[in-house]
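The values are calculated or read from the model by the stated rules, or taken from the named source; none is laboratory data. The model shown is predicted, which means the values in this text are computed figures rather than measured ones. Note: ideal-geometry Cβ built from the backbone for every residue, glycine included; neighbour counts use all protein chains shown. When the accessible area is computed, the model is the full protein with side chains, heavy atoms only, and any ligands, DNA or RNA have been set aside. Shrake-Rupley method; radii C 1.70, N 1.55, O 1.52, S 1.80 Å.
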Amino acid sequence: MTKRKRAQCTDWQESAVRALGAVAAALPDEFQLLNRPRLTDLGLVQARIRLRTGDLPHAPHGLPLREQEEFLLGIGPTRLAPPFVEVDHDRFLGYPHVLQGRRLCLYLDPAREWNPQRGFASAIDRLHDWLADAAAARFNPDAALFHAVGGILHRTAGTPTIVVRESGTLAKARVAFLTLRSPHRYDLHYDGGHPDQHRTVVFQVTDPLPLGAGTRLHDLLARLDTAITPRAFVAPRPRPQAAAFLTALAAAATRNPARTPQTFILAIPHPTGGPPHLLAGRVPAATADELRQLVRQRRDLMISINPEALDNQTPVEWCTVSDERDSVTTRRDTNRPTSAYQGKTIHIWGCGGLGSWIAEFIARAGAKRLILCDPGTVTGGLLVRQDFIEDDIGEAKAEALRKRLAAIRDDIELEAHIGVIPNNLATLLTDADLVIDATISRAIGQLLDGLAPATGRPLLAQVATDAGTSTLGLLTVSDRASPAGPYTIDQQTGKQVTANGALEPFHTFWKDVSAKDELIPTRGCSVPTFHGSAADIAAVAASLTSMLGSHLAITEPVSGTHLIGLPHSPAGPFRRFIPAA
């Protein structure tokens, strides 16, 4: 580097350059620094390096490496981001974790994998390890990020997200519809009749796009018409499909209002097979109007658009695709206890401190149907710890919670009953998988006990927290095969617990509440309640929800009572299960 440019380098870049020199001096047969690192106009220090790679074991379908390989190393101005590594050839095109054929994806998750405290030389170690894994074919091609489109995210700032949940049937060009949900969201549908819908087209691309889809319409059309085959980049083969894409795009545009942009979806085959990767883009309103005009001016019934008639500088704006198709998505909570709630019908009686949080956790876990029961109304003081908002004040708790859960998931079925139990208990024994009593009502507990002997009845559970701190939790479960309901099991457990001095913090669940543990929330004749914050009670609710999920998942009958304590509870971090007698 010249003295002038060296003065512009940051301390981090200076230390990185020194580290490169030290590695080259220490391992001259393994690593060479081929040029004097230079500072680019973008503020990056760029260096060309060479590594000996011929001795790395190679497996079939692994990255082909020569005896020595050269790389371009880019070093940013701060240690916050790892360096990037590129090649200036196309021999790596199409291999997993090679972005657009040139950049190596060394750090899939830099936040966890990049540790600048280890020094810049660790980046060279990382590169060597990456090459070893790539040559040995240890990378999973299915997990290669955006592998079908060059390994990069296509996103233009300011564009909405398009949510895709329907797979649809494959076709070269299929009509679809985008429904406006908010200024920043559209939903993709294959059937019409939705409000605020916009016609689009889902176009099936023949081959992957290993160099990406470009940022201009001209670039996209050129890449659609040329098959870039990995490992044979020097001999591309023609695959004309740009004309068909333009025809489908123009046909969709004619069904949308003038002066509106035209959106399209590209379904791009993944190199490893399986469902196609989806890209969503749009052309500006002026270009869409031009397409409409060309369609109107045609002289025969067939639509045929000449790409030369369009401005080759026309941009393509790329929208984020929230791809939630079952065929490509694995739930983030898979294999957790709450997975047991998926597809289930669940009653939650009591939508207060514990019940409101439990309802949200179960809704997010994928329950099919929730029946919410509570006779109460939301007041301002409840917002401190219950799962409601200011706009809910004055509304029935069950109905307010129903609206909240409906906003979390489109596909959940919800019922709100303004009462302590459902209007018709007859459906309980035939439709429900689980009933959760979060009312702390003795009468409700005794009602559930009366249902316990019935054949084919659902799992029954009661939940509670302590009045003094809301950091202790109690979950009583009556399995489907148990003749005793949760209230009876609770009373039996209470005798064991209160006779055990080691469990003294939990005696409160079976004794009269002390006046010091109760809280009078409002001056006057208000109903006493318990102490506790949203953080406390939500944590207890979350723990009890997971434990109950484990009961819902098992096939052998298990009844009994769980006692838990949060780390800052009077019992400290605590968990014990007491089987039913």
How much of Leu65 can a 1.4 Å solvent probe reach, expressed as accessible area in Å² and rounded to 10? 40
Name the residues of the stretch 467-487 whose amide N is less than 15 Å from a point 7 angstrom out from the Cα of Leu425 along the C-beta direction? 485-487
With every protein chain left in place, what is the accessible area of Glu86 in Å² (1.4 Å probe, nearest 10)? 50
Which ³J(HN,Hα) values, rounded to whole Hz and listed in residue order, are derived for the stretch 274-280 from phi using the Karplus coefficients 6.51, -1.76 and 1.60 in 6.51 cos²θ - 1.76 cosθ + 1.60 with θ = phi - 60°, glycine and proline given as x? x, x, x, 7, 10, 10, 10
Out of the DSSP beta bridges found with both residues in the chain, what percent are antiparallel (nearest 5)? 70
On a 1.4 Å probe surface of the protein chains, which of Arg299, Arg126, Arg575 comes out largest in accessible area, and what is the full order? Arg299, Arg575, Arg126
Per DSSP helix of 4 or more residues, -39500 (n - 2.57); summed, then divided by the residues of the chain. What does that give at 222 nm, rounded to the nearest 500? -7500 deg cm²/dmol
Under 5 Å between amide hydrogens, which residues at least 5 positions from Thr200 or on another chain qualify, with H placed 1.01 Å from N in the peptide plane? Ala176, Phe177, Leu178
How large are Rg and Dmax for the stretch 263-391 when calculated on the C-alpha trace, in angstrom? 25.2, 71
From the square roots a ≥ b ≥ c of the eigenvalues of the alpha-carbon gyration tensor of the stretch 345-395, which class results: rounded (a/c under 1.5), prolate (a/b over b/c), or oblate? prolate
Lysine pair count for the chain [Cα-Cα under 20 Å; pairs on different chains or 8 or more apart]: 4
Among (1) 23.5; (2) 24.9; (3) 29.0, the value of Kirkwood radius over Cα pairs in Å computed for this structure carries the label (3)
How do 391-398, 351-358 rank on mean C-beta neighbours within 10 Å, highest first? 351-358, 391-398
Normalise the Debye intensity by I(0) for the stretch 323-478, one equal point scatterer per Cα, no solvent, then take log10 at q = 0.16 Å⁻¹ and round to two decimals. -0.92
Full-extension gain in nm, Gln496 to Arg66, via 0.36 nm per residue minus C-alpha separation: 147.5 nm
Under 4 °C and 1.567 mPa s, how fast does the stretch 124-234 diffuse according to Stokes-Einstein, given a Kirkwood radius computed over C-alpha pairs? Answer in µm²/s, whole number. 76
Once Leu56, Leu153 are ranked on solvent-accessible area with the largest value leading and a 1.4 Å probe, the list reads Leu153, Leu56
Determine the order of Met547, Met302 by accessible area, beginning with the largest, at a probe radius of 1.4 Å. Met302, Met547
Hits for the chain under the membrane-span-like helix rule (DSSP H, Cα axial span at least 20 Å, Kyte-Doolittle mean at least 0.5) are 534-553
With the cut-off at 1.5 for a/c, could you classify the stretch 390-485 from its C-alpha gyration tensor as rounded, prolate or oblate? oblate
Give a residue-ordered list of calculated ³J(HN,Hα) values for the stretch 305-310 (Karplus: 6.51 cos²θ - 1.76 cosθ + 1.60, θ = phi - 60°; whole Hz; x for Gly, Pro). 10, 8, x, 5, 6, 9
